[in-house]
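Okay, so here's the structure we're looking at.
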Amino acid sequence: MINIKSEREIAIMKESCQLAAKTLNFIEDKLEIGMSTEDVNVLCHDFITSHGAYPSPLNYNGFPKSVCTSLNEVICHGIPSTKDKLKDGDILNIDVTTYYKKFHGDTNRTFFIGNVAPEIKDLVKVTYQCMMAGIEICKPGTRLGDVGAIIEEIAGDHGYSVVHEYCGHGIGREFHEEPQVLHYGKKGTGVEIKPGMTFTIEPMINLGKRHCKLLKDEWTVVTKDKKPSAQFEHTILITESGHEILTLDPDKPYSPTFE
Ligand code: MF3
Ligand code: CO
Ligand code: CO
């Protein structure tokens with residue numbers, strides 16, 4: 001069952017989503033070489049809780065931390081650790097989900113640490129373009145297969161691959177709701193999107209092959225070929241005329257240039 005949100009629900013969801021976006025803006029300024037992913041976790045945890053929200057990942061299906069931190073070849077669900085220190089040339093995805101007034105807001109970005117190699121910078125830039133292209137076509141009548149197809153096409157044009165095993169999702173009172181939002185697919189197929197739906201688009205794009213491996217901690221997902229992977233995520237709302245990105249901080253809307 002796909003939940004259609006009421007005006008009242010949408011207003012609250014927007015608050016939760018904006019707090020998640022503000023958390024990413026906050027952490028962006030704190031990132032520096034030498035800090036650990038656990039430092040990132042603590043800073044985000046404290047920011048989220050000090051704004052009256054709960055970090056949705058914490059204890060979600062046993063996840064032990066408050067955000068996911070995925071470095072380089074980690075595709076998603078990296079567990080923050082004092083052992084993982086940021087170094088020059090790394091890419092770090094931070095995935096923040098807030099639970100505020102009973103609604104979840106979910107967003108992630110991939111950050112550059114120091115000087116990143118041009119080919120990896122390009123991967124990150126194209127991954128952002130993939131997410132935005134998927135978002136831009138969303139309006140009533142678009143099918144989820146159209147979203148997957150455009151993401152797959154852009155990634156493929158650059159010689160990159162799309163991870164199949166993890167996907168976007170409906171979101172609201174639950175962290176993960178229907179529908180599943182695949183980042184690959186066939187135009188004209190799949191669920192037709194309707195006003196009042198809220199879901200994430202969060203493509204994971206690999207520099208090498210698409211295949212992944214789950215580490216023994218049962219959370220960390222890495223590329224099989226150990227090449228880097230990037231991801232971006234927004235939570236969006238389908239409106240009567242199109243869509244609205246909910247996970248933007250109105251005081252500082254994210255709009256990267258990747259220079
Ligand atoms: N935030 C992730 C997503 O985009 C889910 C993380 S689940 C966790 O759906 F348990 F690893 F936190
Ligand atoms: Co998500
Ligand atoms: Co997320």
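The values are calculated or read from the model by the stated rules, or taken from the named source; none is laboratory data. Bear in mind the structure is a predicted one, so any value in this text is a computation, not a measurement. No Cβ is skipped: glycine too gets one built from the backbone with ideal geometry, and neighbour counts run over all protein chains shown. Ligands, DNA and RNA are stripped out before the accessible areas are found, and what is left, the full protein with its side chains, is counted by its heavy atoms. Shrake-Rupley method; radii C 1.70, N 1.55, O 1.52, S 1.80 Å.
How many residues does segment 6-33 contain that are over 30 Å from G89 (Cα atoms), surrounded by 17 or more Cβ atoms within 10 Å (Cβ to Cβ) and of a type in the set (K, R)?
Going through segment 6-33 one residue at a time, the tally reaches 1.
If you take the residues of segment 45-58 that are in a helix (DSSP H, G or I) and free of Cβ contacts under 8 Å to residues at least 24 places away in the same chain, which of them is nearest to ligand 2 (Cβ to nearest atom)?
So the first thing to find is which residues in segment 45-58 are in a helix (DSSP H, G or I), and the list is 45-50.
Next cut, free of Cβ contacts under 8 Å to residues at least 24 places away in the same chain only: 45-46, 49-50.
On the way: H45: 18, D46: 22, T49: 20, S50: 23 Å.
Going through the qualifying residues, I end up with H45.
Looking at (1) surrounded by 14 or more Cβ atoms within 10 Å (Cβ to Cβ); (2) without any contact (Cβ under 8 Å) to a residue 60 or more places away in the chain, which is the only condition N61 fails?
(1)
Looking at segment 143-153, can you tell me whether even one residue there is on the phi < 0 side of the Ramachandran plot, surrounded by 15 or more Cβ atoms within 10 Å (Cβ to Cβ), part of a strand (DSSP E or B) and at pLDDT 95 or above? Write out each step before concluding.
As a first pass, look at segment 143-153 and keep what is on the phi < 0 side of the Ramachandran plot: 143-153.
Next, from what is left, pick out any that are surrounded by 15 or more Cβ atoms within 10 Å (Cβ to Cβ): 143-152.
Now drop any that are not part of a strand (DSSP E or B), which leaves 143.
With the extra rule that they be at pLDDT 95 or above, the set shrinks to 143.
Yes, there is a match, as at least one residue in segment 143-153 is on the phi < 0 side of the Ramachandran plot, surrounded by 15 or more Cβ atoms within 10 Å (Cβ to Cβ), part of a strand (DSSP E or B) and at pLDDT 95 or above.
Of all residues being surrounded by fewer than 24 Cβ atoms within 10 Å (Cβ to Cβ) and part of a strand (DSSP E or B) in segment 234-247, which is nearest to the chain's Cα centre (by Cα)? Just the residue, please.
Applying the first criterion (surrounded by fewer than 24 Cβ atoms within 10 Å (Cβ to Cβ)) to segment 234-247 yields 237-245.
Subset that is part of a strand (DSSP E or B): 237-238, 243-245.
Values: L237: 15, I238: 18, H243: 17, E244: 16, I245: 13 Å.
Per the stated criteria, the residue is I245.
Would you say V74 is among the β-branched types (V, I, T), within 16 Å of the chain's Cα centre (by Cα) and within 17 Å of W219 (Cβ to Cβ)?
Working: among the β-branched types (V, I, T): yes; within 16 Å of the chain's Cα centre (by Cα): yes; within 17 Å of W219 (Cβ to Cβ): yes.
Yes.
Can you tell me which of K14, K65 is within 29 Å of F258 (Cβ to Cβ) and either at pLDDT below 95 or part of a helix (DSSP H, G or I) (or both)?
Values: K65 fails: either at pLDDT below 95 or part of a helix (DSSP H, G or I) (or both).
Every option except K14 fails the conditions.
Go through segment 181-202 and give me each residue that's within 11 Å of ligand 1 (Cβ to nearest atom) and either open to solvent by 10 Å² or more (accessible area, probe 1.4 Å) or not in a strand (DSSP E or B) (or both).
Applying the first criterion (within 11 Å of ligand 1 (Cβ to nearest atom)) to segment 181-202 yields 181, 199-202.
Answer for segment 181-202, where residues must be within 11 Å of ligand 1 (Cβ to nearest atom) and either open to solvent by 10 Å² or more (accessible area, probe 1.4 Å) or not in a strand (DSSP E or B) (or both): just E202.
Would you tally the residues in segment 91-114 being more than 9 Å from ligand 3 (Cβ to nearest atom) and touching a helix residue (DSSP H, G or I) at 6+ places or on another chain (Cβ under 8 Å)? It would help to see each step written out before you state the result.
In the first step, residues of segment 91-114 are kept if they are more than 9 Å from ligand 3 (Cβ to nearest atom); the result is 91-94, 98-105, 109-114.
Retained after the next criterion (residues that are touching a helix residue (DSSP H, G or I) at 6+ places or on another chain (Cβ under 8 Å)): 91-92, 94, 98-105, 109-112.
Number satisfying all stated conditions: 15.
Name, by its number, the condition in (1) in a loop (DSSP other than H, G, I, E, B); (2) open to solvent by 10 Å² or more (accessible area, probe 1.4 Å) that does not hold for G156.
Condition (1) is where G156 drops out.
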